[in-house]
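Q: Below: one structure in structure tokens.
Bear in mind these aren't lab numbers, they're just calculated from the coordinates by the rules spelled out. All of these numbers come straight from a predicted model, not from anything done at the bench. Note: ideal-geometry Cβ built from the backbone for every residue, glycine included; neighbour counts use all protein chains shown.
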Amino acid sequence: GENVEQHPSTLSVQEGDSAVIKCTYSDSASNYFPWYKQELGKRPQLIIDIRSNVGEKKDQRIAVTLNKTAKHFSLHITETQPEDSAVYFCAARVRTSYDKVIFGPGTSLSVIP
Amino acid sequence: DTEVTQTPKHLVMGMTNKKSLKCEQHMGHRAMYWYKQKAKKPPELMFVYSYEKLSINESVPSRFSPECPNSSLLNLHLHALQPEDSALYLCASSQVGGDTQYFGPGTRLTVL
């Protein structure tokens, strides 16, 4: 069935280091992959997304890569800052009788000052 | 305006109560969603309204009932809830079904 896996479940990095979160998806027809950041007690907020017609997208310190053959996509955060600490969810669009996104289980990122 | 609003922010209700959660978006989006989120878990899709057509996650119990009065408003009617229904209820909207979703701030629901 439809599934998105995400690793690691927790990640701790020193301020200034890079952080990488990896996801895999099961539906080969998926063509849209958003990433959400959720701070404690707040709503999920879209930070970057990628569509299947590109392999990489970058926005300042954040980049996402997509390997459609392997059904992998990854989030890269460079020069991490304490305010990057949050839970990050990857997601993939699936098309059944209706369009929806399936979320990965989340990665709790801690940036240590 | 890129905001999705939800009311109330917090709700405490007994198992015999009837209450409603409200969501509104002014982005002209044609799809709206209700999600349930437990602590340390991802949002779990409950309902989708896309072009006024309702789609249901079949695992959602009938004590939850969605209503879409128009393309900007989405309600979730609650009746005879159980303590395990306590969670953060998130509304979201997108231009079309399955596309970029914008979330509201959520309603923190506690069922006693």
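Q: Along the three principal axes, how long is region A:50-113 when you take its alpha carbons, biggest first, rounded to the nearest angstrom?
A: Principal extents (Cα only, largest first): 46, 22, 18 Å.
Q: Based on other C-beta atoms within 10 Å, arrange B:His29, A:His7 from fewest to most.
A: On the way: B:His29 20, A:His7 14.
Fewest-to-most Cβ neighbours within 10 Å comes out as A:His7, B:His29.
Q: Now for a separate question. I'd like the distance separating the alpha-carbon centroids of region A:54-94 and region B:1-69, in whole Å.
A: Centre-to-centre distance over Cα atoms comes out at 27 Å.
Q: Kindly put A:Lys22, A:Lys58, B:Lys9, A:Lys100 in sequence by how many other C-beta atoms sit within 10 Å of each C-beta, fewest to most. Intermediate results must be reported in sequence, preceding the final value.
A: Details: A:Lys22 17, A:Lys58 12, B:Lys9 9, A:Lys100 22.
Lowest count first: B:Lys9, A:Lys58, A:Lys22, A:Lys100.
Q: Quick one: compute the contact order of chain A, relative version, from alpha carbon pairs under 8 angstrom and 6+ residues apart, as a percent. Display every interim value, and only then the final one.
A: Details: 287 pairs, mean separation 41.5, N = 113.
Across chain A, relative contact order equals 37 percent.
Q: Of the GluC sites (Glu not before Pro) in region A:37-84, which ones lie in a loop per DSSP and count no more than 15 other C-beta atoms within 10 Å? Before the final figure, lay out the partial values.
A: Details: sites: A:Glu39, A:Glu56, A:Glu79, A:Glu83; in loops: A:Glu39, A:Glu79.
Sparse-neighbourhood loop GluC sites (Glu not before Pro): A:Glu39, A:Glu79.
Q: Can you list the chymotrypsin sites (Phe, Trp or Tyr not before Pro) in region B:32-112 that are in a DSSP coil and have 15 or fewer other beta carbons within 10 angstrom? Each step should come with its number before you reach the end.
A: Numbers: sites: B:Tyr33, B:Trp34, B:Tyr35, B:Phe47, B:Tyr49, B:Tyr51, B:Phe64, B:Tyr89, B:Tyr102, B:Phe103; in loops: B:Tyr51.
Taking region B:32-112 and a limit of 15 other Cβ atoms within 10 Å, the loop chymotrypsin sites (Phe, Trp or Tyr not before Pro) found are B:Tyr51.
Q: For the protein assembly as shown, report the convex hull volume of the alpha-carbon atoms normalised per residue, in Å³, without decimals. Display every interim value, and only then the final one.
A: Numbers: hull volume 28.0 nm³, N = 225.
Considering the Cα atoms of the protein assembly as shown, their hull volume per residue is 124 Å³.
Q: A follow-up question, please. Determine the relative contact order of region B:1-49: mean sequence separation of Cα pairs under 8 Å and six or more apart, normalised by residue count, in whole percent. Display every interim value, and only then the final one.
A: Numbers: 49 pairs, mean separation 15.4, N = 49.
Taking the mean separation of contacting Cα pairs over the length of region B:1-49, I get 31 percent.
Q: Kirkwood Rh over Cα pairs of chain A into Stokes-Einstein at 25 °C, 0.890 mPa s: D in µm²/s?
A: Numbers: Rh = 14.2 Å.
The estimated diffusion coefficient comes to 173 µm²/s.
Q: Work out how far the C-alpha atoms of region B:58-99 reach from end to end along every principal axis, then list the three figures in whole Å, largest first.
A: 34, 20, 19
Q: OK, next. Please compute the contact order of region A:56-113 in relative form: average sequence separation of alpha-carbon pairs under 8 Å and at least six residues apart, divided by the residue count, as a percent.
A: Relative contact order for region A:56-113 comes out at 27 percent.
Q: Could you list B:Asp85, A:Asp17 so that the one with the fewest beta carbons within 10 Å of its beta carbon is first and the one with the most is last? Each step should come with its number before you reach the end.
A: On the way: B:Asp85 18, A:Asp17 13.
Lowest to highest Cβ neighbour count: A:Asp17, B:Asp85.
Q: In Å and from the alpha-carbon atoms only, list the Rg and Dmax of chain B.
A: Values for chain B (Cα only, Rg and Dmax): 13.1, 38 Å.
Q: Tell me, what does the Kirkwood hydrodynamic radius of region B:31-73 come to in angstroms if you use every pair of distinct C-alpha atoms? Don't jump to the answer; show the numbers that get you there.
A: Numbers: mean 1/r = 0.0893 Å⁻¹.
Hydrodynamic radius (Kirkwood, Cα pairs) of region B:31-73 is 11.2 Å.
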